[in-house]
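The values are calculated or read from the model by the stated rules, or taken from the named source; none is laboratory data. All figures in this text were calculated on a predicted structure; none of them were measured in a lab. Note that each Cβ is placed from the backbone with ideal geometry, even for glycine, and that neighbours are counted across all protein chains shown. Heads up: the accessible areas ignore ligands, DNA and RNA and are worked out on the full protein's heavy atoms, side chains in. Shrake-Rupley method; radii C 1.70, N 1.55, O 1.52, S 1.80 Å.
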Amino acid sequence: MLVPAENAAEAAVVEGLQVIPIQNLREATNFLEGQITIKPTRVDIAKIFDHPLDDDVDFAEVKGQESVKRALEIAAAGGHNVLLIGPPGTGKSMLAKRLATILPPLTLDEALETTKIHSIVGLLPAGMGLITRRPFRSPHHTASDAGLLGGNINPTPGEISLAHNGVLFLDELPEFKRSVLETMRQPLEDGKVTISRAAGTMTFPSQFMLVAAMNPTPDGKMAHESKSSPREIQNYLGRISGPLLDRIDLHIEVPAVKFREMAGDKIGETSTQIRERVIAARQVQQKRFTHKPKITCNARMATKEVKEFCALDETTKELLKNAMSDYNLSARAYDRILKVSRTIADLAGSERISSDHVSEAIQLRSLDRQLWG
């Protein structure tokens, strides 16, 4: 196959294919006529994947926030969406940017699909045959529908597709246009986005982990400290619809870090240590979903799989029933709690979901009802 030299490494990923890098049509003609010899481009896939992660950021750099780190570990282990709520300066963005460092490495199939998307948009680095790290995309809150979902005259992938198999981080979530946020509901549910334009209709994959961050009130303070009126707080929180909130599995309060934690010498767990537990939990899920190839993690379970793999005993059922009533949770939230409980059990190496696992999942869900109430 003769391909532009800039795409040669990308094409050479296909095994058994001889890839000839071409600079221009004249060079192609000369090669085909046998006037010149061009050495085929070869790529060693094993070598591409066999590299140290060498992340620029690490969870060990985060002081305190142990409960938040635990929640993010659960999110990574099950592929769950996350909302971080806390005042400015508590480390919400810092924590979100480190989530990608504890996710499992890309498989070859995931790397190929991710590479295709980035190649279409022209974001594949020169000479790179494969993207082997999970993407981390962080669009500004002024992003348009087309910027987030994709579009333009000729349909091209947007931020949610560029984050496929990785993380989409939306900082200052209430500052995004409500119409933009609402258009994300279907892709979050289906794992794909379809764009229709005059030039045609295109469907792009969008299986990403959504990580959002926001202040609890308009002035950034916690509700009991805020000078904003209850109506102002309600209007601020009301920018995020209930249906969108229901699609976010974990709602986590990020408190201010205590001085002794900031000034202390204690170093927390590294991303590598946390990632090992995440990978072990994902391997349990891969084994569980062997005959369901479309389900890659617990967060992707449909209602049928939730019933099959998230069975509860009577005591645990009663606990969940009371929580549903106390927090006025929706049917979708019920499924989300069961999925998170399944992930917590997987991290604990437990085949059964116990009341402890469900209790922790409820605690990671109840914050929105305390605030949105």
Suppose every K and R has +1 on its Cβ and every D and E has -1 on its Cβ; what is the size of the dipole of the stretch 1-155 about the Cα centre, in Debye to the nearest 20?
380 debye
222 nm mean residue ellipticity, helices alone, for the chain (DSSP H n ≥ 4; -39,500 (n - 2.57); rounded to 500):
-11500 deg cm²/dmol
Keeping every protein chain present and rolling a 1.4 Å probe, give me the accessible area per residue for the chain in Å².
51 Å²
Can you sort Glu27, Glu253 by 1.4 Å-probe accessible area, starting with the largest?
Glu253, Glu27
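Expected output is a single nm value to one decimal: the length gained when fully extending between Glu66 and Arg231, i.e. 0.36 nm times separation in residues minus the C-alpha distance. What is it?
Contour length minus the Cα-Cα distance gives 56.1 nm.
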The stretch 19-148 - percent of accessible surface contributed by carbon and sulfur, probe 1.4 Å
53 percent
Top mean-square fluctuation among Pro230, Pro157, Pro104, Gaussian network model of the chain, C-alpha springs under 10 Å?
Pro230
Which value, in Å² and to the nearest 10, is the accessible area of Thr156 when all protein chains are kept and the probe is 1.4 Å?
40 Å²
Over 27 Å between C-alpha atoms is what I'm after, so list which of Lys221/Lys258; Lys97/Lys317; Lys294/Lys321; Lys92/Lys258; Lys192/Lys339; Lys287/Lys307 land there.
Lys97/Lys317; Lys294/Lys321
Which of Asp326, Asp219, Asp249 ends up with the largest GNM mean-square fluctuation for the chain, with Cα atoms connected below 10 Å?
Asp326
With +1 on each Lys and Arg Cβ and -1 on each Asp and Glu Cβ, how big is the dipole of the stretch 1-49 about its Cα centre, in debye rounded to the nearest 20?
120 debye
Where in the chain are the DSSP H helices whose alpha-carbon span along the long axis reaches 24 Å or more and whose Kyte-Doolittle mean is at least -0.5?
331-347
Among Gly242, Val254, Ala198, whose Cα projects farthest towards the positive end of the dipole of the stretch 166-291, with charges put on the beta-carbon of Lys, Arg (+1) and Asp, Glu (-1)?
Ala198
Is there a quick way to get the dipole size of the chain? I mean about its Cα centre, with the Cβ of Lys and Arg at +1 and of Asp and Glu at -1; what is the value in debye to the nearest 20?
560 debye
Ranked output for segments 114-121, 71-78 by mean other Cβ atoms within 10 Å, highest leading, reads 71-78, 114-121
What are the residues whose amide H is under 5 Å from the amide H of Val3, where those residues sit 5 or more places off or on another chain and H is modelled from the backbone?
Ile20, Ile22
Under a 1.4 Å probe, counting only protein heavy atoms, Phe169 has an accessible area in Å², nearest 10, of 0 Å²
Given charges at Cβ of Lys, Arg, Asp, Glu: the chain dipole, positive-most of Pro105, Ile38, Leu72
Leu72
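Determine the gain in length on full extension of the stretch Met222-Thr37; use 0.36 nm per residue of separation and subtract their C-alpha separation, reporting nm with one decimal. Don't jump to the answer; show the numbers that get you there.
Details: separation 185, 0.36 × 185 = 66.60 nm, distance 6.89 nm.
Contour length minus Cα-Cα distance gives 59.7 nm.
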